[in-house]
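*Asks:* Mind having a look at this structure? Questions to follow.
The values are calculated or read from the model by the stated rules, or taken from the named source; none is laboratory data. Just so it is clear, the model here is predicted, and its values are computed rather than measured. Don't worry about glycine lacking a Cβ; one is built from the backbone with ideal geometry, like all the others, and counts go over all protein chains shown. Surface accessibility is based on the protein's heavy atoms, side chains included, excluding ligands, DNA and RNA. Shrake-Rupley method; radii C 1.70, N 1.55, O 1.52, S 1.80 Å.
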Amino acid sequence: MGGLILCRSEEAEKPYYISSLGMYIYSVEELCYSLYNNIYLISSDFIDEGLIGFLRNETKDVWLADELTFLKEKKAGLRELVITILLYADYYTKKEVDELRTLINTLSTLGTEERLKRRADNFLFNHKFDSAIKNYAAILNEKEHTMKDDFYGNVFHNTGVAYGRLFHYEQAAECFKMAFGLNDNQESLKEYYMAAALAGIAVGEEAENSEFHNLCMEEMDGLAREIMDSDEYLEVAKIGLLRSQGSYTEYNAALKKILDKWKADYTICMK
C-alpha cells in the first residue's frame with residue numbers, strides 16, 4: 001500500500017480494546033489493519049457483540065454493524081465477516097483483499113499451532129526476526145502440544161535461523177541442536193555445527209571427527225570466501241583503506257554512512 005487514505009468513519013472517543021492482540025483501536029480503518037496483519041491469530045469469535053457495538057456506537061458505522069449482526073446470526077465464517085469489513089472500509093486494494101481471502105481459506109484448515117507457525121514464518125520471511133522469535137516461542141510455550149515432533153523440530157530450526165540472522169549464534173546453536181533432536185533433519189544438524197563454530201562452542205570430539213562435520217566446515221569456508229568477494233565486504237575494505245592512507249575525514253564520513261545503514265537494517269529486524 002502507498003499514498004494517503006481518507007478515513008471514512010469517525011474516530012472513536014472511547015477506543016475498543018482487542019484483548020487477544022493487546023491493542024486499542026479508534027476507527028474502522030485501524031480495525032482493518034489489525035485484521036489484515038493478525039489474521040493468523042483471529043477466529044470468527046473475534047467479531048463479537050462488543051466489537052459490533054463499538055462500530056455502531058463509537059465510529060457510527062451503523063450499516064457495517066447491522067451487516068455483521070446479520071452475518072453472525074446466519075453463522076457466517078471468518079472469511080465472510082473479515083472480507084465484509086475490508087470491502088466496507090476500502091482500506092486495502094482489491095488484490096490485497098483477494099489475497100487475504102485465499103489465505104483465510106487456507107488457514108481455516110489449520111490448527112492453532114499451525115496458524116501461529118505460518119505467522120512466525122511470515123515474519124521470518126520478511127526479516128522481522130524478533131517478531132518471528134516471539135511467535136515461535138508462543139508455540140513452544142503452549143501447555144498442550146498437538147503436533148508431531150518434526151513440527152516442533154522445524155519450529156526450533158526456524159527460531160535458530162532468526163537468532164542467527166541477529167548474530168545471536170549461541171542461542172541459534174541451541175535451537176538447531178533441539179531441532180535435530182526432534183526432526184532428525186541433516187539441515188538442522190548442519191546449521192548447528194555452523195552456529196556452534198561461530199559461537200565458539202565445542203560440539204564434541206566424535207562430531208568434529210565425522211565426515212559430515214568436515215563437509216559442513218568446508219561449506220562454511222566457501223560461504224566466507226563468497227562474503228569476502230561481495231560488494232559490501234569490498235566497500236568496507238575501501239573504507240579501511242582510507243584510514244590507512246590518512247584520509248580521516250573521508251574515512252569518518254564513509255564509516256558513519258555504512259554504520260547508519262547497518263543500524264537501520266538491524267532496527268527493522270528487531271520489529
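*Asks:* Checking the condition closer than 14 Å to N37 by Cα and open to solvent by 40 Å² or more (accessible area, probe 1.4 Å), which residue from R101, R119 passes?
*Replies:* Only one candidate passes the filter, namely R101.
*Asks:* Let me ask something else. Just give me the residues in the range 128-152 being part of a loop (DSSP other than H, G, I, E, B) and in contact with an Asp or Glu (Cβ under 7 Å, 6 or more places away or on another chain), in sequence order.
*Replies:* Listed by number, the residues that qualify are E142, T146, M147.
*Asks:* Just for the range 115-127: of the residues that are in contact (Cβ under 8 Å) with a residue 60 or more places away in the chain and part of a helix (DSSP H, G or I), which one is farthest from M270 (Cα to Cα)?
*Replies:* The selected residue is R115.
*Asks:* Same structure, new question: Quick one: would you say L64 is open to solvent by less than 90 Å² (accessible area, probe 1.4 Å) and closer than 29 Å to I139 by Cα?
*Replies:* Spelling it out, it is not the case that L64 is open to solvent by less than 90 Å² (accessible area, probe 1.4 Å) and closer than 29 Å to I139 by Cα.
*Asks:* Another question, then. Pick from the range 6-15 the residues that are over 30 Å from L116 (Cα atoms) and open to solvent by less than 70 Å² (accessible area, probe 1.4 Å): which of them is modelled with the highest pLDDT?
*Replies:* Applying the filter and picking the extreme gives A12.
*Asks:* Mind checking which helices (runs of 4 or more DSSP H) fall wholly inside the range 153-271 and carry at least 1 residues that are acidic (D, E), open to solvent by 40 Å² or more (accessible area, probe 1.4 Å) and in contact with a helix residue (DSSP H, G or I) (Cβ under 8 Å, 6 or more places away or on another chain)?
*Replies:* Passing ranges, in order: 169-183, 186-199, 211-228, 231-244, 248-269.
A quick yes/no check of all residues on (1) at pLDDT 90 or above; (2) farther than 20 Å from H127 by Cα; (3) small (G, A, S):
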{"residue": "G153", "(1), (2), (3)": "yes, yes, yes"}
{"residue": "V161", "(1), (2), (3)": "yes, no, no"}
{"residue": "L166", "(1), (2), (3)": "yes, no, no"}
{"residue": "S210", "(1), (2), (3)": "yes, yes, yes"}
{"residue": "H213", "(1), (2), (3)": "yes, yes, no"}
{"residue": "G222", "(1), (2), (3)": "yes, yes, yes"}
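*Asks:* Ok, one more. Which residue pairs have Cβ atoms closer than 9 Å, lie 6 or more positions apart in sequence or on different chains, and pair a first residue in the range 191-208 that is more than 20 Å from H157 (Cβ to Cβ) with a second residue that is open to solvent by 60 Å² or more (accessible area, probe 1.4 Å) and hydroxyl-bearing (S, T, Y)?
*Replies:* G200/Y169
*Asks:* Let me ask something additional. May I ask you to list the residues in the range 84-103 that are without any contact (Cβ under 8 Å) to a residue 12 or more places away in the chain and of a type in the set (A, V, I, L, M, F, W, C)?
*Replies:* L87
*Asks:* Let me ask something additional. Taking T59 and the conditions (1) in a helix (DSSP H, G or I); (2) open to solvent by less than 10 Å² (accessible area, probe 1.4 Å); (3) of a type outside the set (A, V, I, L, M, F, W, C), which numbered condition does it fall short on, given that it satisfies the others?
*Replies:* Just one mismatch for T59, condition (1).
*Asks:* Of the residues I18, I25, only one is open to solvent by less than 80 Å² (accessible area, probe 1.4 Å), within 21 Å of the chain's Cα centre (by Cα), under 29 Å from D121 (Cβ atoms) and not small (G, A, S); which?
*Replies:* When all the criteria are applied, what remains is I18.
*Asks:* Test G111 against the criterion of being within 28 Å of T267 (Cα to Cα), open to solvent by less than 60 Å² (accessible area, probe 1.4 Å) and without any contact (Cβ under 8 Å) to a residue 40 or more places away in the chain, and give yes or no.
*Replies:* So G111 does not fit the description; no.
*Asks:* Which residue is nearest to G111 (Cα to Cα), if the candidates are limited to the range 67-87 and must be in a helix (DSSP H, G or I) and open to solvent by 40 Å² or more (accessible area, probe 1.4 Å)?
*Replies:* R79
*Asks:* Same structure again: Just checking, how many residues over the range 21-51 are without any contact (Cβ under 8 Å) to a residue 60 or more places away in the chain, part of a helix (DSSP H, G or I) and in contact with a helix residue (DSSP H, G or I) (Cβ under 6 Å, 6 or more places away or on another chain)?
*Replies:* Residues in the range 21-51 being without any contact (Cβ under 8 Å) to a residue 60 or more places away in the chain, part of a helix (DSSP H, G or I) and in contact with a helix residue (DSSP H, G or I) (Cβ under 6 Å, 6 or more places away or on another chain): 2 in total.
*Asks:* Is it the case, given these coordinates, that K75 is more than 23 Å from the chain's Cα centre (by Cα) and at positive phi?
*Replies:* yes
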